[in-house]
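**Q** Quick one: this structure, given as structure tokens, is what I'll be asking you about.
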Amino acid sequence: MLNNIKHLHTSLSIMAGAWLLLLTAACSNLDSDERLVVINTHDVDTTAVDTADIDNPGLEDTERLFLPQKRGILIEDYTGQDCVNCPEATELIGRICQIVADTAGIEVIPVAIHSGPLGVMPSASHPDGLATELGNTYYRHWACEYQPMGLIDRSDGVLGKEDWEPKVRWDLSQLTTKIAATNIVVEPTYDEASRQLNVKVSVAAVKNATTGNLQVWLTEDQVVAFQKFPNNVTKTDNIHNHVLRTSLNGTWGEEVNIAEAEFRELNYSCTLAEGWNAQNLSVVAFVANDSGLLQVRHQHIRQ
């Protein structure tokens, strides 16, 4: 499979040419509502109430849930603050975000998962450490061998950064339609006084039945923390984006099985940990199965 990916430059020459022309674009040029950020993950007590199989849903809700959605692309970036090659990978993700938006009109949603031997856990000496036990669990599960590595659309396993761009192009080439067969609608509500976050996630099987696993994460942008760079450079005030904070529905999410033209609603709540900036927090929700990603969406918790 990987060999096929690496030879896409010939079979997809037109698209590749467009990508190369846009490689100088930066993700920082994206509007703020098109970007994600990653930050320290803390343990947060969460509760999920399944209100699936709703009887006689209202017409407005049904219409909203089944409106056409473009299929998103998910990049899970296994990164670390002690990883001198990770800033380059972050820049690459930014270029991929811009290129895919410009050439295909599709949103790439990155999540920075600080973890592994080069991730830094919060401590007295490093209170700005961004690694989490959640991230370390994922790092071990996917058998990452070094950093940076990444998962693209939950298929083909973890890849080194040199394979991310061709893998995204491959995935785009395999989409028979840019319209998703599974829809996800994320509706957060946030109470500033109590710092209570409530999130309703609706999953609709637009075309064919949906069978997969729903994962709901909380991420943060604009996190100021140290980062190592090549040549023994350490930047103490680096801006980290797409930082994974916590999962709202457990480490591995939950199974969803939905018949065609039906939907499920699930509700989650948590109290934001001290230090998390609600202004920069987003909910990332995706459904994937053994074949890969079905759909991914994100929504800022403050509108």
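The values are calculated or read from the model by the stated rules, or taken from the named source; none is laboratory data. Everything numeric in this text was worked out from a predicted model, so none of it was measured. Neighbour counts run over all protein chains shown; Cβ positions are idealised from the backbone, glycine included. When the accessible area is computed, the model is the full protein with side chains, heavy atoms only, and any ligands, DNA or RNA have been set aside. Shrake-Rupley method; radii C 1.70, N 1.55, O 1.52, S 1.80 Å.
**Q** Ranked highest first by the average count of other Cβ atoms within 10 Å around their residues, in what order do 165-177, 101-113, 250-262 fall? Kindly include the intermediate steps, with their values, before the conclusion.
**A** Numbers: 165-177: 17.5, 101-113: 21.5, 250-262: 14.3.
Ranking, from highest mean packing down: 101-113, 165-177, 250-262.
**Q** Would you work out the charge dipole size for segment 129-206 about its Cα centre, treating the Cβ of every Lys and Arg as +1 and the Cβ of every Asp and Glu as -1, and quote it to the nearest 20 debye? Display every interim value, and only then the final one.
**A** On the way: 8 positive and 11 negative charges, 31 e Å.
For segment 129-206, the charge dipole is close to 140 debye.
**Q** Roughly to the nearest percent, how much of the accessible area of segment 135-253 is carbon and sulfur, given a 1.4 Å probe? Could the numbers behind the result be given before it?
**A** On the way: 2360 of 4930 Å².
Solvent-exposed carbon and sulfur of segment 135-253 make up 48 percent of the total.
**Q** When a/c is below 1.5 the answer is rounded, else prolate if a/b is larger than b/c, else oblate, so apply that to segment 167-272 with a ≥ b ≥ c taken from the square roots of the Cα gyration tensor eigenvalues. Don't skip to the answer; put the middle values down first.
**A** Numbers: a/c = 2.95, a/b = 1.40, b/c = 2.11.
Since a/c reaches 1.5 but b/c is at least a/b, the shape of segment 167-272 is classed as oblate.
**Q** Just want to confirm a number: the relative contact order over segment 209-274, from Cα pairs under 8 angstrom separated by 6+ residues, in percent. List each step's numbers first, then the result.
**A** Working: 96 pairs, mean separation 27.0, N = 66.
Averaging sequence separation for qualifying contacts and normalising by length gives 41 percent for segment 209-274.
**Q** From the phi of every residue in segment 199-216, what ³J(HN,Hα) in whole Hz does the Karplus formula 6.51 cos²θ - 1.76 cosθ + 1.60 yield, where θ is phi - 60° and glycine or proline is x?
**A** Coupling constants for segment 199-216: 10, 9, 10, 10, 10, 10, 8, 6, 10, 6, 6, 10, 10, x, 10, 8, 10, 10 Hz.
**Q** State, as an integer percentage, the relative contact order of segment 168-277 based on alpha-carbon contacts under 8 Å between residues 6 or more apart.
**A** Details: 191 pairs, mean separation 34.8, N = 110.
It rounds to 32 percent for segment 168-277.
**Q** Give me, ordered by chain and number, the residues 5 or more places off residue 70 or on other chains with an amide H under 5 Å from its own placed amide H.
**A** It is 180, by chain and number.
**Q** Rounded to the nearest 0.05, what FRET efficiency do residue 231 and residue 125 give with R0 = 25 Å and r taken as the Cβ-Cβ distance? Could you check?
**A** Details: r = 23 Å, r/R0 = 0.92.
Working from the Cβ atoms, E equals 0.60.
**Q** How would 149, 121 rank on accessible area, largest to smallest, probe 1.4 Å?
**A** My answer, sorted largest first, is 121, 149.
**Q** Straight-line reach from residue 161: which lysines fall under 29 Å, measuring Cα to Cα and dropping same-chain residues less than 8 apart?
**A** In chain and number order, the partners are 6, 70, 178, 228, 235.
**Q** In terms of the Cα gyration tensor, with a ≥ b ≥ c the square roots of its eigenvalues, is segment 161-211 rounded because a/c is under 1.5, prolate because a/b exceeds b/c, or oblate? Mind dumping the intermediate values first?
**A** Numbers: a/c = 4.40, a/b = 1.65, b/c = 2.67.
Oblate, since a/c reaches 1.5 and b/c is not below a/b.
**Q** When a/c is below 1.5 the answer is rounded, else prolate if a/b is larger than b/c, else oblate, so apply that to segment 85-189 with a ≥ b ≥ c taken from the square roots of the Cα gyration tensor eigenvalues. Let's see the in-between values first.
**A** Numbers: a/c = 1.97, a/b = 1.63, b/c = 1.21.
Prolate shape, in that a/c is at least 1.5 and a/b is the bigger ratio.
**Q** Tell me, what is the percent relative contact order of segment 108-178, built from C-alpha pairs under 8 Å that lie six or more residues apart? Before the final figure, lay out each step's value.
**A** Numbers: 59 pairs, mean separation 13.7, N = 71.
Relative CO of segment 108-178 lands at 19 percent.
**Q** Quick one: net charge of residue 86's neighbours, Cβ under 11 Å, K/R +1, D/E -1? Let's see the in-between values first.
**A** Values: positive: 161, 228; negative: 77, 82, 88, 91.
So the environment of residue 86 carries a net charge of -2.
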